[in-house]
Amino acid sequence: MAFKSIRSRLTAWYVTLLGAILVIFSIFLDYFLSKRLYESVDNSLAVSATVVATSARMRYRSPVPGLDQIFEEFLEVRNLNKFYRIYDGSGNVGSRSSNINASQFPLSEVAYADALKGNNTYETFLVDGKHPIRVITMPIIIEKKLANLVQVGTSLDAVQGTLKNLRILLFAAVPSVLVLAALFARFMARRALKPISKIIQTARNIGKGRELSQRMPVLKIQDELGQLTLTFNEMMDRLENSFVQMRQFSSDASHELRTPLTVLKGQNELVLSKPRELEEYQDVIVSNLEEINYMSKVLEDLFILSKSDENQILLNCKRMDLRDLVDEVCKHAEVLAGEKDIRIIIACLESVKINGDEVRLRQMIWNILHNGIKYTQLRGELKVSLRDEGEFALLSIQDTGIGIPKNDLPSIFNRFYRVDKARSRDEGGSGLGLSICKYIAEAHKGRIDVESKLSVGSCFKIRIPTLGGAK
Ligand code: ADP
């Protein structure tokens with residue numbers, strides 16, 4: 001039978017196991033108790049037979065009269081639940097207790113043969129086809145000859161009655177215990193699994209209403225279900241965050257593209273509203289091209305970032321000296337820096353071997369240098385240094401620019417984040433450059449950090465694992 005709910009399955013397992021244990025226990029109990037009871041009957045028969053045999057040997061010799069009298073003398077009771085018989089050496093009945101009917105149990109051939117060998121024999125007979133009797137036959141050997149045989153018997157009705165009562169009790173008790181256990185197990189399972197119903201309900205609500213802000217009530221007991229609740233809530237936190245980020249990202253992206261498109265549309269409509277001089281048309285086309293270039297840059301950056309989100313950017317890493325790359329990018333940047341009369345000072349340029357993707361690293365270094373130039377006033381300075389720090393190559397790019405306010409520092413690596421939107425836009429920035437730099441550094445198992453002071457300057461530090469350190 002397949003149980004749909006965990007609760008039913010737990011109950012079924014529990015009851016089946018308990019049932020099996022109880023059945024095995026009952027079988028063992030019945031076996032050992034009946035063994036014990038039959039043993040005690042046999043022992044009691046042996047004691048009684050020994051009493052009779054000893055008495056016969058000592059006092060009366062064969063045949064023995066008045067057995068009831070013997071028992072009264074020895075045991076001080078009339079032993080009514082036992083039957084006694086004494087045979088002579090040839091197996092003929094001599095004396096018997098008054099409560100015995102001679103035909104009720106015979107002297108069997110087996111018992112007589114055992115007696116001749118000097119052994120006791122235990123036998124069970126059925127009287128009237130339904131009353132079981134246990135009988136011991138004990139030989140009395142005098143001068144190595146079988147002088148007499150003592151037979152003592154007793155009814156097994158009491159023993160069998162006790163065993164029957166025990167079986168009735170077990171047959172009644174085991175199912176009752178199982179029913180109670182099933183009810184208890186079901187109750188406990190329902191109690192223990194209650195939080196799961198809540199989790200299911202919350203998950204359904206989230207699924208139906210897209211209510212990502214919903215959380216599970218945190219359980220006091222930190223058992224597995226408590227942990228599950230915490231994990232579920234943490235997962236929902238992350239999910240909600242990424243949804244918020246995604247929403248923000250797509251609204252930022254569409255806004256970023258809508259602005260240049262509006263400019264393009266407006267300029268073109270305006271220029272077409274009446275006939276104009278050739279130069280005016282040329283100006284508009286140049287301006288259009290700038291907007292188109294800006295849009296292409298944004299789209300290209302967005303493409304890189306969306307690929308990085310899906311881990312689809314495969315780095316083409318190879319062994320390289322970072323010094324050559326930094327030197328080369330600085331030389332290119334000098335041209336741009338020259339336009340603002342900014343000096344690029346190479347403070348230190350150590351040779352550091354790394355395993356890196358040249359194209360991506362060049363893009364990262366260029367972005368940082370370009371930002372340094374963008375956000376530094378005329379005749380400012382950019383100080384570049386590359387050091388081998390053993391485990392990492394440390395590239396520092398320090399500028400004497402406008403700096404970044406303390407509050408903005410934690411956010412500048414976020415997508416589309418710009419401290420001063422207008423300024424960045426004027427400089428052709430989209431707010432994606434540093435996000436890409438962060439991704440590139442982390443893809444190389446490195447990191448990027450920034451320190452900055454408003455109106456003093458900023459210092460970007462990039463750490464990339466060296467080949468020696470990566471060993
Ligand atoms: P953008 O294209 O706007 O430069 P980035 O992602 O490269 O985008 O930089 C994000 C923001 O961080 C910039 O808009 C700017 O406000 C700030 N920023 C980056 N580099 C510097 C710097 N060297 N000095 C001052 N501000 C900086």
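Rule-based calculations on the coordinates, nothing more; no lab input. All of these numbers come straight from a predicted model, not from anything done at the bench. Cβ coordinates were reconstructed from backbone atoms using ideal geometry, including for glycine residues, and neighbour counts include every protein chain displayed.
Please report Ser424, Ser452, Ser351 as a ranked list, fewest other C-beta atoms within 10 angstrom at the top and most at the bottom.
Sorted ascending by nearby Cβ count, the order is Ser351, Ser424, Ser452.
Which lysines have a Cα less than 18 Å from the Cα of Lys208, not counting those fewer than 8 places away in the same chain?
Correct list for Lys208: Lys198.
Under the definition of Cα pairs under 8 Å and six or more residues apart, what whole-number percent is the relative contact order of the range 101-179? The partial results should precede the final answer.
Working: 89 pairs, mean separation 15.8, N = 79.
It comes to 20 percent, rounded to a whole number.
Determine the relative contact order of the chain: mean sequence separation of Cα pairs under 8 Å and six or more apart, normalised by residue count, in whole percent.
Numbers: 615 pairs, mean separation 45.1, N = 471.
Averaging sequence separation for qualifying contacts and normalising by length gives 10 percent for the chain.
Take every Cα pair under 8 Å in the range 344-391 that's 6+ residues apart, average their separations, divide by the length, and report that relative contact order as a whole percent.
Details: 30 pairs, mean separation 35.5, N = 48.
Contact order relative to length: 74 percent.
Need the C-alpha centroid separation for the range 359-390 versus the range 399-424, integer Å.
Taking the Cα centre of the range 399-424 as reference, the centre of the range 359-390 is 16 Å away.
Across the range 251-380, how many lysine pairs separated by 8 or more positions, or lying on different chains, have Cα atoms within less than 26 Å?
Here the count comes out as 13.
What whole number of Å gives the distance from the Cα centroid of the range 234-260 to the Cα centroid of the range 296-351?
Between the Cα centres of the range 296-351 and the range 234-260 lies a distance of 27 Å.
Determine how many Å³ per residue the convex hull of the Cα atoms of the range 164-259 encloses.
Hull volume normalised by residue count: 110 Å³.
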